[in-house]
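K.L.:
This is the structure, below, for whatever I ask next.
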Amino acid sequence: MTTDRAVTVQDLTAMRARGERIVMVTAYDAGAAALADEAGVPVLLVGDSLAMVVLGHGTTLPVTLDEMIHHARAVVRGAGRALVVVDLPFGSTQGGPADALRSAVRVLKETGAAAVKLEGGRSVAPTVRTLVEAGIPVMGHVGLTPQSVHALGGYRVQGRGAGAADALVADAVALAEAGAFALVLEAVPSAVGAAVAAASPVPVIGIGAGPDVDGQVLVWHDVLGLTSGPTPRFVRAYEDLRGRTTAALRAFAADVRGGAYPGPSESYGE
Ligand code: KIV
């Protein structure tokens, strides 16, 4: 989509209606948001993956609402026209609809972002409805929901086995009926991704959900090859910024140690 004005949640509905795939990446700071905007990415997610890829935690669970807000403010400052969606982190919604409403109000009021994302299926539909009735756009998140990693027994592909796909379809429909404007669907077989997208009244943005959904999201560090160690099957790195960054830093260190930096053109005269 090409427009000079800010992207809205209604634009996502329109993109799906005209068969235009939705692109979303995560962002955690102003510089990254500005780059994504320049590249024409219409939706930025301040994911609670912040906990793992930026703050160094082993899961998404430890990140706090205050930390999410701190980074989301930076992303909103850097984003030009992209729609900024902010994850409600673990512990900020589990107290039920009133708890989630307090958290979501803080996010919109303190960051300037336009929407929040909330993990969970049918059980969180009442929470989604409460937020939507308060005028807060909500993106759902079903399939592999990393905030439930301990309950799920690890980061496992979801939607396999008898009844599991039907349950995911029911989750998606319930969230859409509660007013969610879009859904993230994570780590399910492609056939399940296709079934959920076909049944969902709202756009389904996949991450490891195969090609037959309405859009795709990846984590910033994964797209750019900044992640260390093994990555999930669905990750495609479009750069090797980890390799290029360490090479650049090694070259800088060698120049400093060898006295090649700074040279005359990098030094002030009288
Ligand atoms: O936190 C996150 O980065 C996410 C994406 C993986 C969808 O929720």
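K.L.:
For segment 231-256, what are the residues that are open to solvent by less than 70 Å² (accessible area, probe 1.4 Å), assigned to a helix (DSSP H, G or I) and among the aliphatic types (A, V, I, L, M)?
P.N.:
Correct list: LEU241, ALA247, ALA248, ALA251, ALA253, ALA254.
K.L.:
If you check ALA113, ALA82, which single one turns out to be more than 15 Å from the ligand (Cβ to nearest atom), buried (at least 19 other Cβ atoms within 10 Å of the Cβ) and closer than 18 Å to ILE205 by Cβ? Talk me through it step by step, then tell me what you get.
P.N.:
On the way: ALA113 fails: more than 15 Å from the ligand (Cβ to nearest atom).
Residue meeting the stated conditions: ALA82.
K.L.:
Pairs, please: C-beta under 7 Å, at least 6 apart or cross-chain, first residue surrounded by fewer than 19 Cβ atoms within 10 Å (Cβ to Cβ) and in segment 183-199, second in a helix (DSSP H, G or I)?
P.N.:
Qualifying pairs under 7 Å: ALA199/VAL169; ALA199/ALA172; ALA199/VAL173.
K.L.:
Confirm whether ASP171 is within 22 Å of ALA100 (Cα to Cα), charged (D, E, K, R) and assigned to a helix (DSSP H, G or I).
P.N.:
Considered against the rule, which asks whether it is within 22 Å of ALA100 (Cα to Cα), charged (D, E, K, R) and assigned to a helix (DSSP H, G or I), ASP171 comes out as yes.
K.L.:
Looking at segment 218-233, which of its residues are more than 10 Å from the ligand (Cβ to nearest atom) and in contact with a strand residue (DSSP E or B) (Cβ under 8 Å, 6 or more places away or on another chain)?
P.N.:
Of everything in segment 218-233, just one residue is more than 10 Å from the ligand (Cβ to nearest atom) and in contact with a strand residue (DSSP E or B) (Cβ under 8 Å, 6 or more places away or on another chain), namely VAL223.
K.L.:
Being at pLDDT below 95, open to solvent by 20 Å² or more (accessible area, probe 1.4 Å) and at positive phi is true for just one of GLY161, GLY153, GLY56. Which residue is that?
P.N.:
Numbers: GLY153 fails: at pLDDT below 95; GLY56 fails: at pLDDT below 95.
Just a single option satisfies the conditions, and that option is GLY161.
K.L.:
Picking from ARG102, ARG77, which residue would you name as being in contact (Cβ under 8 Å) with a residue 40 or more places away in the chain, surrounded by fewer than 21 Cβ atoms within 10 Å (Cβ to Cβ) and out of contact with any Cys (no Cβ under 7 Å at 6 or more places or on another chain)?
P.N.:
ARG77
The values are calculated or read from the model by the stated rules, or taken from the named source; none is laboratory data. Model, not experiment: these values are computed from the prediction. So basically every Cβ, Gly included, is an ideal-geometry build from the backbone, and we count neighbours across all protein chains shown. Each accessible area value is taken on the protein alone, full model and side chains, heavy atoms only, with ligands, DNA and RNA left out. Shrake-Rupley method; radii C 1.70, N 1.55, O 1.52, S 1.80 Å.
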